Amino acid sequence: MSPIQRYSSFLLFLVSYVLVAQNGNLKGFAKFDNDELVLGAYVALKGHDLKRETSTNIDGHFIFKNIPYGTYEVSIHSLNAKPKTVEAVISSSEQTVNITLQITEHQDLQEILVQTKTEKRKIEDEGFAVNVVQTKEASIRNIQTNELLNTTVGVKIRQNGGLGSNVQYSLNGLSGSAVRIFIDGIPISVYGSSFSLNSIPPSMIKRIEVYKGVVPGHLADDALGGAINIVLQNSTKTNFNASVSYGSFNTFQTSANGLYRFEKSGFTVKASAFHNYSDNDYKVWGGQVKVTGLGGQQTPITARRFNDAYRSTGGMAQIGFTDVKWADQFLVGFTGSDDYKEIQHGAFMTIMPYKNRYMESDAMLANVTYQKEDLFTEGLNLNVHGLYGKRNRVVSDTLAWAYSWNGERAIDYQGNEYEYSWGSQQEKIEFGPTLNHIDRNVASIRTGVSYAINEYHRILLNHVYSGINREDRDEFAASFENTFAGTRDLHKNIISATYELNAFDGKLQANVFGKHYQQKTVNIDPFVNDNNEVEDEIISANTKNKGYGFALSYAVLPNMTLLTSAEKAIRLPNETEVFGNDGDNVVANPSIRPEQSNNYNLGFRFGTFSLKNHAFTISTNLFTRNIKDRIGLPLETSLNVNDEIILYENQGHGKSQGFDAQLNYTYKNNLAFNFNMSRFNLTVVNRGVEVDVPNTPFFTMNGNLRYSLKNIIKKNSQLNLFYTMYFTGEFSYLVPQGTNTVGDEFFKVPQQLAQDFGLSYSFPKNRFVMSFDVKNIFDKPLYDNLRVQKPGKAFYLKLNYFINKP
Amino acid sequence: MKNRFFNLTTLSLVLSSLLLTFSCSDDSNDIIEEEKEESSRWITVAAARMGDNPGDGNGGTLIYSISSEDAKDPTKSIAPFDNGFIVPSNRTARLQASEDGSTIFNISYAGDTGGNYSKYTVNGGQNFTPTGSEVSIAPYVGSAPRWIKLFDGDKTGSAVYVSTEKIYDDKGTEDETDDTYLRTEATMGVVTLDLENSLIKNFQEQSIPLSSEEEANGYYISRIDMPTLNAAGNKLYIGARLSKVDPTTGETDREGDVLGSKTIVLDYPSLLNPTIISSTVGYGNTNGYRSINAFLYNGSVYQANQGDPNGSHILKIDANNQYDNDYVFNLDDALGVTGAYVLAWRPAANGKAVLAYRHDGSAEGVAGQQGFFALIDLEAKTATKIDEIPYEADFYLFQYQGFAVDGNEIYLTQAPVGKNGNIYVIDTETGAVTKGAELINVEGSHFIGTW
């Protein structure tokens, strides 16, 4: 080797040494301008002699390792946004670049779908048995939030009629107080019925997360069977949309949402409002829909419901700062809502329909939101969301005259109009009209802190406090009775700690959490003491419980993911169960224990498989819920029959077992098909005897088909055609009977198939979208509860206007 | 390629599970015929299926009829839970039968059809044919009516209802703290129903006040039931339960003294002029539970009471429509037990009756206190436990409703909760006990009588 060669090799060595020494890592983080993370986007790094490619992970992060110092171009391509190129100078061992992508204004629907899927996917990949319901498509159609939830796998809505009527939610067979509903992580009980899934329009909602059986730590409540979390729009991009819809049964619905952000200062004004009205005067027939004549003889009729109107109005306004140095979001605001619902009948449609019975409720709440990522130090995120206010509810039933299903005064056996002996529309033992007020002061605050130790480990701490202070009074009760009416306070603190792991290049995601529940209930009852003075009797109870669980997802193959989760869940006894309720003759049982359930989910997701223009995904989940110490009422016996009192007690076990399955299929960008089914059986064991729980729709299927056509009538327009079917298997109000009995049909809710059709037309430029929907096309009688009929065929037309879609 | 194969397998799995779920319901009934001789009558057995607690009877009321010969035949076996007719009532049906057992009357209890009267011709087995039109008494007495068929040759049914309202004196001031409790106004509704033509006959609503002293102490009538016609057919007796509030607060008081048993007496058929009579022999309620609690015998009405601190009595109301306080028939004494509690009873025309009861010594069974049957004599005021009937802790009679009476013979059902049992026939005259047809039971369920 010549000296020159030697020298040059040395130089080469030196140069390469220097080059090695002067290499750095470029870390990056990408988000959209609505604050959503950019996942799976293509990222390219380009220098003089170097080109590297990668993609963003589910947290929106990407990294290029070992890049020589120098100046580079980083370009990022996402289907949902305009491509962006930024310059990055690498001059230290670790350099960070943050990129904000502007969502494209003229994205077509396919792009929306891709974007929503990614957001969805991130939540679904955490391993929970979760369904993320996107409201985007529904919000431009004539679809209620409840209808949207009903098409979700494993979710069954049971509604007692039309718009605004009472709803029960069932998740994998568990319902009632086992299912907790949240708005932005705050228990919906804080808002009351005026700000609910019945009244909030889908356009105010960004997405709905349905967690079945296992509920992540950040949604802290005693949700034994699962949780439904409604995430309201939280984009910080200037936008506005408004819609108006009109249809059958004089149904009028309108909503508007807007946000304006001053680019320089970050000052943000945000407002949304809604108004809904419906007469709900749909036709009903069969069962006890009859008019009564002389002697009490009955004639069946087809009647229009005449005391079922619904009206709700509400809104939310917030001001503050967004995307400023000290806060990603800091907003203070006000939520106000009011609703009015006439009540046509009780739990059943009897021969005595109600007239003038109604419920009115309102809520006025102040709210504050603070969110900041990388607070003080990188990876430390804080979010706080608080509410404080009042909500009131009135039930009014002051008319004693009997009405008939034809909407007129009923006649008695002699042909005279008559008043009910109980002095109101609803039957009761205590005579007289009712104007029952329940006033509540409510407060709730949710705090979440998370710290990402690094890419792989994250710790989260969450706390939710909710407090309700309740006072009841009946305007028609003697003032004396109101003096002795008690007050009830309930304070709940739920703290959870979560550890999240992300390993094997994102193939494994695990989440372990523990929850600590504390509930304090205070019952204040005035009484007259020996000195004839009114004194307060104060009883309070404080319960503490622990729960824990995990969720895990593992991508066994790129197209096959295992999703499994389990939780020891708790439902704390409510105030009536602990303290009793004088009005209903329920006595206190301070020793009552919470209900417990061990919940397990095991799921797989296969897909997305793409084959030419076809793409599909299949997912399934197997679940069991093992409930212990169910809270219920004891059997009436000769010992308690005349006590006129009842007390809640822990009794027996319950079990729900079944599976959910879902198929998604798309062809090109034109056709999308979704099909899901859910089947389970629900049993309870009491004193060693196991029975199937009656009155449970245990088999449901939903299908959804969308077909898009472009450039119809006008260029750059888009027409979407929709078809939805809802299937509910037959179920009975009675426990299963013997093999050869007769008369069972009386108790059966027959198998049902409802079909809806809709279309939406986006005008060029996407500013106007018009949609038309036909519900229950074949006018089938539908029932969720025994012979309580739901609306028949109905038509709705809606017009939407957008400036900058959020 | 591998992936596609996998997809197809999964798809076909999903599809086949769909097919499976679709192809599993098929209803076909094997009709079981029951035969009856001319000389015989139908005995209808009622069975109450468990809802979610053993013995709660909330899972449906099933009825099944066999001939009285078969009912007495221990080799015969019937399974109403498998082969019965489910009575259309959301909660346990309160059944009545014509005196000859050929017709079953039902008024649906709660639910959408609550208060609806229907009538069935008994054809044996599960075969009950609806007859006549439906009529609802719900507008008058609510959708969970307490009703009884009067003993007037199956012509009339009567249902009752009470609503209450607390009355306060506000002293003419707005100040709530000086208000005082005055009394509780109890309003009674009584309806009579034409069982033959399915029509409402009459309805009246009236106040049923107690004495002013009783009212000042907070007592009022809170539940009424069991209308019974007197021998002259001109008065209707209605059993009552009393409740009490603490007059200082107006809140329920469960500690007060138990007052003498009371009955409301009103004119029949006008249903007017209610008065209240009180017993000085028995204390406690006379409204019974689900089975008939008062019967006419030999010109007087005999009535059981419940919740009597001295044990249940059979009380007697004479033709003068007053309690006969010289008639003392205490079941504690007669049975030699303490805390006797009449659950159901039924006399034959000879004044001898079968009585279902429990007492303080009853074992605590799966659904409550163990029950027993006794043969009692209204004239002799004697009661003897029927020892030929097997008893065990889970033998539960609280919901017991009916006894078919055929001459001097009374038919009853015996089966512990969740276990098989038998029909027993008691010859009230001789005291002879005949073990009859076997009753096939199912888990957690029981039998509630014969009609």
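To the nearest whole number, what is the average tally of beta carbon atoms from other chains within 10 Å of the beta carbons of peptide A:689-700?
If you average over the peptide's residues, the count of other-chain Cβ atoms is 3.
Calculate the tail of P(r) for segment B:168-251: the fraction of all Cα-Cα distances greater than 19 Å, expressed in %.
Result: 54 percent of Cα pairs exceed 19 Å.
For A:S591 and A:L50, calculate 0.36 nm times their separation in residues minus their Cα-Cα distance, and state this gained length in nm to one decimal.
Result for the pair: 187.6 nm of gain on full extension.
Quick one: plug the Kirkwood hydrodynamic radius of segment A:494-558 (C-alpha pairs) into Stokes-Einstein at 37 °C, 0.692 mPa s, and report D in µm²/s.
Reported coefficient: 205 µm²/s.
So, with +1 on the Cβ of K and R and -1 on the Cβ of D and E, and no other charges, what is the size of the charge dipole of chain B about its Cα centre, to the nearest 20 debye?
So the magnitude is around 980 debye.
If you take the beta carbon distance between A:N529 and B:E255 as r and set R0 to 30 Å, what does 1/(1 + (r/R0)^6) give as a FRET efficiency, to the nearest 0.05?
Efficiency at R0 = 30 Å is approximately 0.95.
Could you let me know the centre-to-centre spacing of segment B:313-384 and segment A:655-699, using Cα atoms, in angstrom?
Centre-to-centre distance over Cα atoms comes out at 53 Å.
In nanometres, what is the gap between the two model label sites at A:Y42 and A:E690, each 7 Å from Cα along Cα-to-Cβ?
5.5 nm
Rank A:S199, B:T249, B:N202 by how far each Cα sits towards the positive end of the charge dipole of the protein assembly as shown (+1 on Lys, Arg Cβ; -1 on Asp, Glu Cβ) and give me just the farthest.
The listed residue farthest towards the positive side: A:S199.
Ordered by residue, what ³J(HN,Hα) values in Hz, to whole numbers, does segment B:349-356 give under the Karplus form 6.51 cos²θ - 1.76 cosθ + 1.60, where θ = phi - 60° and Gly and Pro are x?
Running phi through 6.51 cos²θ - 1.76 cosθ + 1.60 with θ = phi - 60° gives 5, 8, x, 10, 10, 9, 10, 9 Hz.
Give me the inter-chain shielding for A:559-565: mean count of other chain Cβ atoms within 10 Å, whole number please.
1
Can you divide the C-alpha Rg of segment A:521-576 by 2.2 N^0.38 Å and report the result to two decimal places?
That ratio works out to 2.40.
Under a crude label model (7 Å from the Cα following the beta-carbon direction), how far is A:D374 from A:L602 in nanometres?
If labels sit at A:D374 and A:L602, their model points lie 4.3 nm apart.
Would you kindly work out the equivalent ellipsoid of segment A:290-416 from its C-alpha gyration tensor and give its semi-axes, the square roots of five times the eigenvalues, largest first in whole Å?
54, 13, 10
Report the net charge of residues surrounding A:T85, where surrounding means a beta-carbon distance below 13 angstrom and charges are Lys +1, Arg +1, Asp -1, Glu -1.
Here the charged neighbours net out to +1.
Normalised by the residues of chain B, what does the relative contact order come to in percent, with Cα pairs under 8 Å and at least six apart?
13 percent
Using a Förster distance of 41 Å, how high is the FRET efficiency between A:N25 and A:N804, based on the Cβ-Cβ distance and rounded to 0.05?
For A:N25 and A:N804, the calculated efficiency is 0.70.
Quick one: which residues, 5+ away or cross-chain, put their amide H under 5 Å from the amide H of A:I351? H built at 1.01 Å from N.
It is none; the list stays empty.
Does anyone have the angle between helix A:109-124 and the longest principal axis of chain A? Alpha-carbon axes, 0 to 90°, nearest 10?
The helix A:109-124 is inclined about 80 degrees to chain A.
Helix A:3-21 versus the longest principal axis of chain A: what angle, 0 to 90°, nearest 10, using Cα atoms?
20 degrees
Stokes-Einstein diffusion coefficient for segment B:36-450 at 20 °C in a medium of 1.002 mPa s, Rh from the Kirkwood formula over Cα pairs: what value in µm²/s?
D, rounded to a whole number, is 98 µm²/s.
Among the lysines, which have Cα under 16 Å from the Cα of A:K520 when same-chain residues fewer than 8 positions away are ignored?
List returned: A:K492, A:K544, A:K546.
Can you give the average number of partner chain beta-carbon atoms within 10 Å of each beta-carbon in peptide B:46-54, as a whole number?
Taking all residues of B:46-54 together, the mean is 6.
What base-10 log of the normalised intensity I(q)/I(0) is obtained for segment B:289-386 from the Debye formula, alpha carbons as equal point scatterers, at q = 0.15, 0.17, 0.20 Å⁻¹?
Summing over Cα pairs of segment B:289-386 leads to -0.54, -0.69, -0.95.
Please give the per residue volume of the convex hull enclosing the alpha carbon atoms of segment A:390-521, rounded to a whole number of Å³.
Cα-based convex hull of segment A:390-521, divided per residue, equals 200 Å³.
Give the calculated FRET efficiency between A:V449 and A:K325 to the nearest 0.05, with a Förster radius of 22 Å applied to their Cβ-Cβ distance.
Calculated value: 0.70.
Two decimals is fine: what is log10 I(q)/I(0) at q = 0.19, 0.28, 0.29 Å⁻¹ for segment A:42-100, from a Debye sum with one equal scatterer on every Cα and no solvent?
So the normalised log intensities are -0.67, -1.41, -1.49.
Given Cα positions, please report Rg to Rh for chain A, the hydrodynamic radius being the Kirkwood one.
That ratio is 1.01, to two decimals.
Measuring from label point to label point, each 7 Å out along Cα→Cβ, what is the B:E33 to A:S610 span in nm?
Modelled inter-label distance: 7.1 nm.
Coordinate-derived values only; no laboratory data. Bear in mind that the values here come from a model prediction, so they are computed numbers and not experimental data. Neighbour counts are summed over all protein chains in view; Cβ atoms, including those assigned to glycine, are modelled from backbone coordinates with ideal geometry.
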